[in-house]
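The values are calculated or read from the model by the stated rules, or taken from the named source; none is laboratory data. What you see is a predicted model, and the numbers here were worked out from it, not measured in a lab. Positions of Cβ are backbone-derived with ideal geometry, glycine not excepted, and every protein chain shown enters the neighbour counts. When the accessible area is computed, the model is the full protein with side chains, heavy atoms only, and any ligands, DNA or RNA have been set aside. Shrake-Rupley method; radii C 1.70, N 1.55, O 1.52, S 1.80 Å.
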Amino acid sequence: MTALEPLPLYVPVLLPIVAGTIGYFVPTRIYKHILIVAQMAVVGIAVHLLAHVRRSGTLVEPLAGWAEPVGITLKLDAISAPLLLLVAVVFLLLFLFNYNKLYMDKLFQFVFVSLQGVIASLFLTADVFNVYVLIELTTVFSTLLIMYKKGKPALYNGMLYLMFSILAMAFFLLGIGFTYQTFGVLDFAGIRERSLAMTDRGALILPYSLMMTAVGMKAGLLPMFGWLPRAHAAPSAPSMVSAMLSGIQIKAGIYLFIRMQLMFGEALATRQLFLVVGILTAVAGFTLAICQRDIKLILAYSTVSQIGLIVIGLTSGSEIGFWGGIYHIINHAVFKALLFLTAGLIAKEYGTRDIAMIRGTVYRMPVVTVAATLAVLGMAGAPFFNGSISKYLIESGLSGDARWQAAIYVVNFGTMLTFTRYATIFFGDPGESRRAARGAVDRWPATVALVFGALILAGGIGAGPLMGILFPVADPGLLASGASAVGKTLVFAATFAAAIATYLLFVRRAVVLDRIRGISVSFNAMAMMMTGFFAFLLFYLLVTV
Amino acid sequence: MLEYVTIQNASLVLFFVGLYGVLFHRNIIRTIISVNVMDVAAILFLITVNARPDQLPPVGPEHAARMVDPLPQALMITAIVIGISVTAVSITLFIGLFRKYGTSDWQKIIHRLTR
């Protein structure tokens, strides 16, 4: 095959935005189709760029003729190329899902595709100042989307999210200042190089902790995830927005976390710290998820716990664990997006989001329930589903130490417990007469939901070849080897049975859960937690370095 | 003693004054202002990086050797613009919020939401 010249890297960024702007002048019906075609093109381009990266390594593109470190450079490497593809695929599916929703007016679609372009460019950027600019942009776009249906809580959620993000970015900007003062460069590669050459490690502490505080907030790490459920499960936000925020946007934060660790991780020993933070985040996430009654809040808190799991994988210190973490980013994006979309359909059909009020969706909405079940199984890490592969990889990345593995078992158990509870909405008496309700759901969103479900299965069954295509892993065959399939199934079955038993015996009637749910954290307390995280990171590094 | 009184240190003090405002004031307008103060402090800090008092502003082709490092200056123009736009968005949001809830207190809004 002849090597084609790769397309310029700005194409997947600009294409959705340009299509959104030009198409703004045509009628809504046509506009929708223009955007869908543009998004299909972006998927194609992402595949093409991924192929190039896999064949000939990192793609670098200086913009406007200025070379590094002065100019702005776009870079696509082995980590960001699969994530770029993920962004493109999920956005396309979300658009198809909402093909005939009423709130899909022009402005909404325009903001949505612009956000797609900005998130794509976050994965392409190669210097910290660009990151600052792009994160501020995503913040503003996301705020608009969160409060798009101007409900009462929506305004508060949007305001909270916006202020908290700006606050975090003030930390980030000061961190950029210290970085520039210390290194004289702002690009990822330059910072990494100079931080390794630095004899005085102490000079790295301040820029690192300032920027890490902001990145940790964006990724939703332990003390700073208070904003996440409010933003991701905002009661009046369309489910498409929740799916996008929880599936894609939070992953941009995780991606920055990866970059930060690649830049400073070798010079500053923070791996153990973030391993612990990851575990604590995961435990806190599922604990709060179990307490919720609102199905979207359950999903949002479970995002927190999965973020924790991803961070565990990324900081496991082994290659398998790292790529397992990246694979979990992709898997989580797919099944969490599907869960939010189906939750939106279910909540609309039943007119409530209270988990206790929704029963028997399998009778009332059979197709949607099938899709949601696939997502739940992926989430719980059932054998043959994508979640099982990435969880297994994360676990084997920590195989050296029994304590960490035990922690991962706890996290997996918590996830299963959460989703055992969530799955109660599938069964039982649907309440109204079955015949009257059936067929009320549009065929179209249900079909797209099934496509998502098929992706979840494909990510599990075809994990070996898929990972071989996506990642530069040494031996993809080993990763998905069937040797341990029986053992894995047994472990899964045992954990699942334990989860069901725990649910029936304890969780169903626990009063403590209502207490915990009642806690609401104000903005000031959240800001205090963030400052606390910063102070802790600073002192931890001062003591250890 | 006097050698500690630099613009850089002043900007750090300003940053933490802003942070104090964010942490201990429940009024949303004050939060917006405080975050702005932090933003400005960070911008001030970046402008003074690699700058000495005897240097010239990076304007025009002459005296290139005596000019201050132009990169932070260029970046901070962007940061200032972003700061302004984000502030505009947050104030617009606040107006909507105030009309709906009739208060500008974070805590009171939470109480009204949970009730």
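Averaged over all directions, how much area does the convex hull of the C-alpha atoms of segment A:1-126 cover when projected, in nm²?
8.4 nm²
So which of A:K101/B:K100; A:K152/A:K348; A:K101/A:K149 end up more than 25 Å apart, counting from Cα to Cα?
In this structure, A:K101/B:K100 exceed 25 Å between Cα atoms.
Nothing charged except the Cβ atoms of Lys and Arg (+1) and of Asp and Glu (-1): what's the magnitude of the dipole of the protein assembly as shown about its Cα centre? Round to the nearest 20 debye.
Result for the protein assembly as shown is approximately 2700 debye, rounded to the nearest 20.
Kirkwood Rh, chain A, all Cα pairs: how many Å? Kindly include the intermediate steps, with their values, before the conclusion.
On the way: mean 1/r = 0.0424 Å⁻¹.
It works out to 23.6 Å.
Choose one of A:L134, B:Y101, A:G23: the residue whose Cα lies farthest towards the positive end of the charge dipole of the protein assembly as shown (beta-carbon charges +1 Lys, Arg; -1 Asp, Glu; about the Cα centre).
Checked the options; the winner is B:Y101.
If I take every Cα pair under 8 Å that is 6 or more residues apart in chain A, average their sequence separation and divide by the length, what percent do I get for the relative contact order?
Relative contact order comes out at 14 percent.
What's the average, rounded to a whole number, of partner chain beta-carbon atoms within 10 Å of each residue's beta-carbon in A:144-150?
Mean inter-chain Cβ contacts per residue within 10 Å come to 1.
Ignore the peptide's own chain and count Cβ atoms of other chains within 10 Å of each Cβ in A:161-169; give me the average, rounded.
Mean partner shielding for this stretch: 6.
How much net charge surrounds A:G253 when only other residues with a Cβ under 15 Å from its Cβ are counted (Lys, Arg +1; Asp, Glu -1)?
Values: positive: A:K218, A:K251, A:R259, A:K336; negative: A:E136.
Around A:G253, the surrounding residues sum to +3.
If packing is taken as the average number of other Cβ atoms within 10 Å across a peptide's residues, how do A:264-274, B:38-48 rank, most packed first?
Numbers: A:264-274: 17.9, B:38-48: 23.4.
Those peptides, ordered most packed to least, come out B:38-48, A:264-274.
Ignore the peptide's own chain and count Cβ atoms of other chains within 10 Å of each Cβ in B:49-57; give me the average, rounded.
Neighbouring Cβ atoms belonging to other protein chains average 1 per residue here.
With a 1.4 Å probe and all protein chains kept in place, how much accessible area does A:S316 have, in Å² rounded to the nearest 10?
Roughly 10 Å² of A:S316 is accessible to a 1.4 Å probe.
Have a look at A:A51, A:M379, A:T342 and report the one farthest towards the positive end of the charge dipole of chain A, computed about the Cα centre with Cβ charges (Lys/Arg +1, Asp/Glu -1).
Result: A:T342, furthest along the dipole toward the positive end.
Only four residue types carry charge here, +1 at the Cβ of Lys and Arg and -1 at the Cβ of Asp and Glu. Report the dipole size of segment A:1-126 about the Cα centre in Debye, rounded to the nearest 20. Can you show the working numbers first?
Numbers: 7 positive and 5 negative charges, 83 e Å.
The dipole of segment A:1-126 has a size of about 400 debye.
Over chain B, what is the mean sequence separation of C-alpha contacts under 8 Å (at least six apart), divided by residue count, expressed as relative contact order in percent? Walk me through the numbers before you get to the answer.
Numbers: 97 pairs, mean separation 29.6, N = 115.
Relative contact order here is 26 percent.
Do the sum for chain A: with -39,500 (n - 2.57) for every DSSP H run of n ≥ 4, divided by all residues, what is the mean residue ellipticity at 222 nm, to the nearest 500 deg cm²/dmol?
Roughly -24000 deg cm²/dmol at 222 nm, from the helical runs in chain A.
Based on the mean of other beta carbon atoms within 10 Å per residue, what is the order of B:23-30, A:308-315, most packed first?
The peptides rank, most packed first, as A:308-315, B:23-30.
Arranged from highest to lowest average of other beta-carbon atoms within 10 Å per residue, in what order do the peptides A:14-20, B:59-65, A:90-96, A:149-155 appear?
Top to bottom by mean Cβ count within 10 Å: A:90-96, A:14-20, A:149-155, B:59-65.
For A:W66, A:W323, write out the residues from largest to smallest accessible area, computed with a 1.4 angstrom probe and no ligands counted. Display every interim value, and only then the final one.
Values: A:W66 155, A:W323 20 Å².
If we order A:W66, A:W323 from most to least accessible, we get A:W66, A:W323.
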